[in-house]
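Written out below as structure tokens is the structure these notes cover.
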Amino acid sequence: MHEMSLVESVVALVEDERRKQDFSRVLMIRLKVGALGHAEPDALRFCFDAVTSGTIADGARLEIETVPGAGWCFGCRQTVPLAERFAACPTCGNPQVRLTAGDELRLAEMEVE
Amino acid sequence: MCAICGCGAAVIADDAGSAARTAAVGGSVQDHGHPHPDAHDHHHHHAHADGVIDFGKGLAGGHVPGLSQERTISIERDILSKNDALADANRTRLGDAGIFALNLMSSPGSGKTSLLVRTIADLQDRWPIAVIEGDQQTSRDADRIRAAGASAVQINTGKGCHLDAHMVGHALDHLALEPGSLLFIENVGNLVCPAAFDLGEAHKVVVLSVTEGEDKPLKYPDMFAAADLMLLNKADLLPHLEFDVDACVAAVLRVNPRIQFLTVSARTGAGLAAFYAWIAARAAVMRDPVGRPA
């Protein structure tokens, strides 16, 4: 389950931020997770408490914002929703669609005090 | 974390420990509440330095009744940014030495190690070859690679399900790589997790064996979407199976229209000449991306 490593990486980023900004507690961590990406939100939630325990993020609430897949279609020249990474355009059927959203795996923001 | 010396875990634990200690002793930062005549109720993070109590030095940078010291920090950093930075460092290090690295990924038992043993036997007169072996336990694979004549370092990930760029960076420290070498990184047998982690390789290669079923690319699309080349291994078994090669090609192209595809047999050597030609061509492109006239 690589989500364990991903949450460890989140904690490392929070530690980075702790060195730059003055805070003593993290209340909430918001992640942006693309629907077509490599991480499973439920698995992230499952290991979050275990991984953050004893770290600066201990006790923080995890919020996950799922980013739906979208791409730019070179056929109809617009952004279209994508259900798969390399799917054809659902509007015009053109296979040339460049993924523009849905691959995110980001620490978006956090609430601290 | 580093499975060679365990340093990653220690660093993380140390960081967490020192952060916890910093938070606990806290220098001049205090956290306490007390009653206020104007009936606002909140935490105070006062700075007590030189006997000065400065309400403007709280975490919110100011003191206004009703203003909580809670605040939201926008971060917007990729979760894998640390791994990706280490992978970039590996890639630069390998590129500077003209080392062409492939990250081999598959489920356990697809024949990655057998493929490497065969490749080493066939190519070691043309290239210096080294291998980084990733497994949860044992050095069996590295032993097989060394017996085949290549230098190898074994990474045991313990409970880990994939290699990361930090582990590979350490493995590079342990390998005496000749400039111009071929480096194969055999990832942990796992058709899911390794896909997300850039190691600094030139290309990801996914190995699928014909005993696994032609619909694997549809079931595990992340892995096949991440790869530049797919090797369909154990082709010598095709006459004994009902594996539909065309259906497999269609499946993999559906999840990754850009992937290249070769059918090989590590046992008989069938199809491997095409794999070696692919390596030579891609290594030439890596070493001379612009291309020189012949």
- In this structure, does residue A:86 turn out to be surrounded by 17 or more Cβ atoms within 10 Å (Cβ to Cβ), more than 9 Å from every other protein chain (Cβ to nearest Cβ) and hydrophobic (A, V, I, L, M, F, W, C)? no
- Residues (in contact (Cβ under 8 Å) with a residue 12 or more places away in the chain, within 7 Å of another protein chain (Cβ to nearest Cβ) and assigned to a helix (DSSP H, G or I)) located in segment A:1-11: A:6, A:8, A:10
- Any idea which of A:99, A:105 is closer than 18 Å to residue B:254 by Cβ and either touching a residue at least 60 places away in the same chain (Cβ under 8 Å) or among the charged types (D, E, K, R) (or both)? A:99
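Give the residue, chosen from B:200, B:169, B:213, that is modelled with pLDDT of 95 or more, more than 14 Å from chain A (Cβ to nearest Cβ) and out of contact with any strand residue (DSSP E or B) (no Cβ under 9 Å at 6 or more places or on another chain).
Details: B:200 fails: out of contact with any strand residue (DSSP E or B) (no Cβ under 9 Å at 6 or more places or on another chain); B:213 fails: modelled with pLDDT of 95 or more.
Only one candidate passes the filter, namely B:169.
Report whether or not residue A:33 is touching a strand residue (DSSP E or B) at 6+ places or on another chain (Cβ under 7 Å), assigned to a helix (DSSP H, G or I) and either more than 24 Å from residue A:84 (Cα to Cα) or more than 7 Å from every other protein chain (Cβ to nearest Cβ) (or both).
On the way: touching a strand residue (DSSP E or B) at 6+ places or on another chain (Cβ under 7 Å): yes; assigned to a helix (DSSP H, G or I): no; either more than 24 Å from residue A:84 (Cα to Cα) or more than 7 Å from every other protein chain (Cβ to nearest Cβ) (or both): yes.
It is false that residue A:33 is touching a strand residue (DSSP E or B) at 6+ places or on another chain (Cβ under 7 Å), assigned to a helix (DSSP H, G or I) and either more than 24 Å from residue A:84 (Cα to Cα) or more than 7 Å from every other protein chain (Cβ to nearest Cβ) (or both).
Based on this model, can you work out whether residue A:79 counts as away from chain B (no Cβ under 14 Å) and in contact with a helix residue (DSSP H, G or I) (Cβ under 9 Å, 6 or more places away or on another chain)?
Numbers: away from chain B (no Cβ under 14 Å): yes; in contact with a helix residue (DSSP H, G or I) (Cβ under 9 Å, 6 or more places away or on another chain): no.
So residue A:79 fails the test.
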- Task: Could you tell me which numbered condition residue B:191 fails, if it satisfies all but one of (1) more than 14 Å from chain A (Cβ to nearest Cβ); (2) of a type in the set (A, V, I, L, M); (3) over 25 Å from residue B:283 (Cα atoms)?
- Result: (1)
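Could you list, in sequence order, all residues of segment A:12-27 that are more than 7 Å from chain B (Cβ to nearest Cβ) and under 17 Å from residue B:76 (Cβ atoms)?
Initial filter on segment A:12-27 (more than 7 Å from chain B (Cβ to nearest Cβ)): A:14, A:16, A:19-20, A:25-26.
Passing the criteria: A:14, A:16, A:20, A:26.
Check whether at least one residue in segment B:256-264 is in contact with a helix residue (DSSP H, G or I) (Cβ under 8 Å, 6 or more places away or on another chain), assigned to a loop (DSSP other than H, G, I, E, B), closer than 26 Å to residue B:164 by Cα and of a type outside the set (Lys, Arg), and report yes or no.
Pass one, segment B:256-264, residues in contact with a helix residue (DSSP H, G or I) (Cβ under 8 Å, 6 or more places away or on another chain): B:256, B:259-264.
In the following step, the residues that additionally are assigned to a loop (DSSP other than H, G, I, E, B) were identified as B:256, B:259, B:264.
Then drop every residue that is not closer than 26 Å to residue B:164 by Cα, which leaves B:256, B:259.
Filter once more, so that each one left must be of a type outside the set (Lys, Arg): B:256, B:259.
Yes, some residue in segment B:256-264 is in contact with a helix residue (DSSP H, G or I) (Cβ under 8 Å, 6 or more places away or on another chain), assigned to a loop (DSSP other than H, G, I, E, B), closer than 26 Å to residue B:164 by Cα and of a type outside the set (Lys, Arg).
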- Message: Of the conditions (1) within 14 Å of chain A (Cβ to nearest Cβ); (2) in contact (Cβ under 8 Å) with a residue 24 or more places away in the chain; (3) surrounded by fewer than 16 Cβ atoms within 10 Å (Cβ to Cβ), residue B:159 satisfies every one except a single condition; which number is it?
- Response: (2)
- Give the number of residues within segment B:66-94 that are at pLDDT below 95 and more than 14 Å from every other protein chain (Cβ to nearest Cβ). 1
- Hey, does segment B:273-284 have a residue that's touching a helix residue (DSSP H, G or I) at 6+ places or on another chain (Cβ under 7 Å) and surrounded by fewer than 17 Cβ atoms within 10 Å (Cβ to Cβ)? yes
- Message: Can you pull out every residue in segment A:61-75 that is surrounded by 15 or more Cβ atoms within 10 Å (Cβ to Cβ) and over 18 Å from residue A:39 (Cα atoms)?
- Response: A:71, A:72, A:73, A:75
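If you take the residues of segment A:98-113 that are in contact with a Phe, Trp or Tyr (Cβ under 7 Å, 6 or more places away or on another chain) and surrounded by 13 or more Cβ atoms within 10 Å (Cβ to Cβ), which of them is farthest from the other protein chains (Cβ to nearest Cβ)? Quick ask: steps written out before the conclusion?
Kept after step one, since they are in contact with a Phe, Trp or Tyr (Cβ under 7 Å, 6 or more places away or on another chain), are these residues of segment A:98-113: A:98, A:100, A:112-113.
The next check asks that each one be surrounded by 13 or more Cβ atoms within 10 Å (Cβ to Cβ); those that pass are A:100, A:112-113.
Numbers: A:100: 16, A:112: 6, A:113: 5 Å.
Within segment A:98-113, the match that is farthest from the other protein chains (Cβ to nearest Cβ) is A:100.
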- Task: Looking only at segment A:36-45, decide whether some residue is more than 10 Å from every other protein chain (Cβ to nearest Cβ), within 24 Å of residue B:157 (Cβ to Cβ) and in contact with a helix residue (DSSP H, G or I) (Cβ under 6 Å, 6 or more places away or on another chain).
- Result: yes
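Results for (1) in a strand (DSSP E or B); (2) of a type in the set (Asp, Glu), shown as yes or no for each residue.
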{"site": "A:48", "(1), (2)": "no, no"}
{"site": "A:56", "(1), (2)": "no, no"}
{"site": "A:62", "(1), (2)": "yes, no"}
{"site": "A:94", "(1), (2)": "no, no"}
{"site": "A:100", "(1), (2)": "yes, no"}
{"site": "A:103", "(1), (2)": "no, yes"}
{"site": "A:109", "(1), (2)": "yes, yes"}
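The values are calculated or read from the model by the stated rules, or taken from the named source; none is laboratory data. Just so it is clear, the structure is predicted and the values come from calculations on it, not from any experiment. Virtual Cβ from ideal backbone geometry, glycine too; neighbours counted across all protein chains shown.
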